[in-house]
Structure formats: structure tokens, C-alpha cells
Amino acid sequence: MQKRSDFYFRYPPNIGELDLATMVNMFRTRGEPRKAGPGQHFACAMSGHLLREAKSWFGLYYSQKTWDNLLTKGSEGFPLTDVELNVLGLVYVSEDEPPHREYVEKNSGVTEKLAYLIVNDLRQFGFLDEDDSGFLRIPPRGEKALHGIARRIYEKRFMPEMLKTFTPTEEPQIEQAQKEDREQTSLF
């Protein structure tokens, strides 16, 4: 399914190159307000405006107004990305048989180290429930967050086609017309 908007938070594509300690530090400090030093300024990653104070996101900076606009409906202030959409979506589509945490982390679309941090945060914020065996369920709060980020990116409620691991179950078959073997008479 084609994305309709690119106005949402994203993890850096090369985040897997970071060591675990650096990744955890950047993950834990995302969204923290930062003040520029004397004579220094930050530039907002979206608007380009120079700022004295900004919120950080993996080396990028956003004005408070832009940050607030990037937050999606139902997220309750939690910055959601397409990775969280994928994690929540994997749990949402398998309501009959809850997926194991390990399966979700492997199919999240990012490194398993980062996926581990993401699943922990989603649990902590009440967007996911995990039982003692490691199986995940999505509560109503998580469904609202899932539909909010899906609407931001795809302008629709969540559908399984939005998952990174989605593969169509049925290939449409097109029948080919049979060619009749008639000899064409020559006009010359």
C-alpha cells in the first residue's frame, strides 16, 4: 500500500550501525527539550527555522509546534513511527492467536535490539499487553494509537496491507483467451 504522507517520526535508516549503549541512550532521550548553547542554534528538521530550544529525535531537532503536530491522534503524546505501526499491526491482525514477542520483534522492520526497546515502551505506555509466556495482545488504547498512525501515514484506518510483512494470500488469475487456428487467406 502506498504511503500518502511523510509527516511522521522516523528512525534513522542506519540506526543498526550504532552500538547498543548509544542506541539505548538516543532512544531514551528522544523528545527531551534541548537548549542551544550561547551563540548556537538548532534548525527544525521540518520547517528549517532556527531555534534556541527544540525537542530532539535521534540527532534531529523539532520546534515544539512541529513536535506537537507530528504526534498522532490516539498516541497520547507518544511519538509513533511506521515501526510502531508495524508492531501494533502485527499484534492487531493476529487477535485469534496472539503472536509471541520474539516473532513481532523479528518482523518489526528494524533491528531486533531496537524492536526490543520499542515493544518495551509500547507495553509501558499501555499500548500492548504481554502475558508471562511472552505473548502480546493489543488493548483498546493500542488500537486507537494504531489507527491514529495509520491515518497519518495512509489516510485510512489500519488494514493488514499496511504491514511490512504483508503478502497477498490470493493471486488473481487472469484467463487467457484461446486463439482459433484458422488459416487466413492471402489477398495477394
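The values are calculated or read from the model by the stated rules, or taken from the named source; none is laboratory data. Predicted model, so just to flag it, every value in this text is computed and none were measured. Neighbour counts run over all protein chains shown; Cβ positions are idealised from the backbone, glycine included. Ligands, DNA and RNA are stripped out before the accessible areas are found, and what is left, the full protein with its side chains, is counted by its heavy atoms. Shrake-Rupley method; radii C 1.70, N 1.55, O 1.52, S 1.80 Å.
Laid out as a table, the results:
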quantity	calculated
Qualifying residue in region 29-39 (condition: outside any loop (DSSP other than H, G, I, E, B) and within 27 Å of residue 154 (Cβ to Cβ))	no
Only one of 166, 158 that is farther than 27 Å from residue 24 by Cβ, in contact with a helix residue (DSSP H, G or I) (Cβ under 8 Å, 6 or more places away or on another chain), modelled with pLDDT of 95 or more and open to solvent by 10 Å² or more (accessible area, probe 1.4 Å)	158
Residue count for region 1-27, restricted to those that are in contact (Cβ under 8 Å) with a residue 40 or more places away in the chain, touching a Leu at 6+ places or on another chain (Cβ under 8 Å) and either more than 10 Å from residue 153 (Cα to Cα) or surrounded by 13 or more Cβ atoms within 10 Å (Cβ to Cβ) (or both)	8
